[in-house]
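A short reminder: the numbers here are calculations on the coordinates, not readings from a lab. This one's a predicted model, so the numbers in the text were calculated from it and none came from an experiment. With ideal geometry, Cβ positions are generated from the backbone for all residues, glycine too; neighbour counts draw on all protein chains shown.
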Amino acid sequence: MIGLMRAATFEALTLLAMFCVAMPLKYLADVPQLVSAMGPIHGCAFMICLWFTIRSWAEGLIDGRGAARLFVGAFIPFGGLINKRWLHQKMKENNVLRSH
């Protein structure tokens, strides 16, 4: 589940980089090269996150509702970061993390 949390975080950060940095530079400063570079990076991060989500669902670490939550959150800016907090709580419930 730690891999899923890391994948969701990385996907969220690449989505934010696209929306907050690359796309404004493309349309406001006429610099499309950053979108061309970030697009494939974000696409790869999304596919990895999707793979970890499906794998975690298949292993029974999350239920169908949690898998849907992660999938929808991948399309919403800051959704992945909110899901990271949810996954962290889920890991505590399953005693995957030690309490501080």
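Please go through region 1-24 and give me each residue that is more than 12 Å from the chain's Cα centre (by Cα), outside any loop (DSSP other than H, G, I, E, B) and surrounded by 15 or more Cβ atoms within 10 Å (Cβ to Cβ), ordered by number. Working first, answer last.
Within region 1-24, the first condition is being more than 12 Å from the chain's Cα centre (by Cα), and the residues that meet it are 1-2, 17-24.
Now restrict to residues that are outside any loop (DSSP other than H, G, I, E, B): 2, 17-24.
Hits for region 1-24 are Ala17, Met18, Ala22, Met23.
Taking interchain pairs and intrachain pairs at least six residues apart, which have beta carbon atoms under 8 angstrom, with the first residue in region 21-33 and farther than 17 Å from Pro77 by Cβ and the second in a helix (DSSP H, G or I)?
Hits for this filter: Val31/Leu25; Pro32/Lys26.
Out of everything in region 44-100 that is touching a Ser or Thr at 6+ places or on another chain (Cβ under 9 Å) and outside any helix (DSSP H, G or I), what residue ends up being nearest to Cys20 (Cα to Cα)?
That would be Ala74.
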